[in-house]
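**Q** Take a look at the following structure, please.
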Amino acid sequence: MRTALAKLALEPSPRASIEGLMNLGGGVAYRVVSTELDRMRRELADGFHGLLSAQDAGGWRPHVTVQNKVPAKVARELLEALERGFRPRPLAISGIGLHRYLGGPWERIAIYSFRGR
């Protein structure tokens, strides 16, 4: 994984935008749209086929979590408030993080900053 991420980091930052909001049931997220990020994720998933968890092998919904693990009513209230003033906007992606899931918290292992032009 470290080698694959370091190779991707040689590329320019992927162009991306925040295009909407997502209801996560017990939370809210901003929906990220990027064909370049989609390609990078697809390359990683293909390279690690058979080694991915069911969740990682499943659907890809890139997003930035704003709220998580709250009652659905609280999430709906925030979603409605954010939707009122929402406008799509560019999103700068500076790199890729490698983390390990520890059953609740995440441990940061490495950050790979994009260096390409």
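**Q** Scan region 1-24 residue by residue and report those that are open to solvent by less than 20 Å² (accessible area, probe 1.4 Å), closer than 13 Å to A92 by Cα and not in a strand (DSSP E or B).
**A** Result: P14, single match.
**Q** Taking the stated definitions as given, is R41 surrounded by 15 or more Cβ atoms within 10 Å (Cβ to Cβ), basic (K, R) and outside any strand (DSSP E or B)?
**A** yes
**Q** Does region 71-88 include one or more residues that are of a type in the set (V, I, T) and closer than 27 Å to R115 by Cα?
**A** First, the residues of region 71-88 that are of a type in the set (V, I, T): 74.
Right, trim to closer than 27 Å to R115 by Cα and you get none.
No, every residue in region 71-88 fails to be of a type in the set (V, I, T) and closer than 27 Å to R115 by Cα.
**Q** Taking region 44-64 as the region of interest, how many residues are in contact with a Lys or Arg (Cβ under 9 Å, 6 or more places away or on another chain) and either open to solvent by 50 Å² or more (accessible area, probe 1.4 Å) or farther than 17 Å from P14 by Cα (or both)? Walk me through it before giving the result.
**A** Step one: of region 44-64, the residues in contact with a Lys or Arg (Cβ under 9 Å, 6 or more places away or on another chain) are 60-64.
If we keep only those that are either open to solvent by 50 Å² or more (accessible area, probe 1.4 Å) or farther than 17 Å from P14 by Cα (or both) too, we end up with 60-61, 63-64.
The qualifying residues number 4.
**Q** Select from region 41-57 the residues that are among the small types (G, A, S) and more than 16 Å from the chain's Cα centre (by Cα) and write down the one among them that is modelled with the highest pLDDT. Talk me through it step by step, then tell me what you get.
**A** Going residue by residue through region 41-57, those that are among the small types (G, A, S) are 45, 47, 50, 53-54, 57.
Adding the requirement that they be more than 16 Å from the chain's Cα centre (by Cα) leaves 47, 50, 53-54.
Numbers: G47: 93, G50: 90, S53: 86, A54: 87.
Looking at residues that are among the small types (G, A, S) and more than 16 Å from the chain's Cα centre (by Cα), I get G47.
The values are calculated or read from the model by the stated rules, or taken from the named source; none is laboratory data. No experiment lies behind these values; they were computed from the predicted model shown. Note that each Cβ is placed from the backbone with ideal geometry, even for glycine, and that neighbours are counted across all protein chains shown. All accessible areas refer to the heavy atoms of the entire protein, side chains included, with ligands and DNA or RNA removed. Shrake-Rupley method; radii C 1.70, N 1.55, O 1.52, S 1.80 Å.
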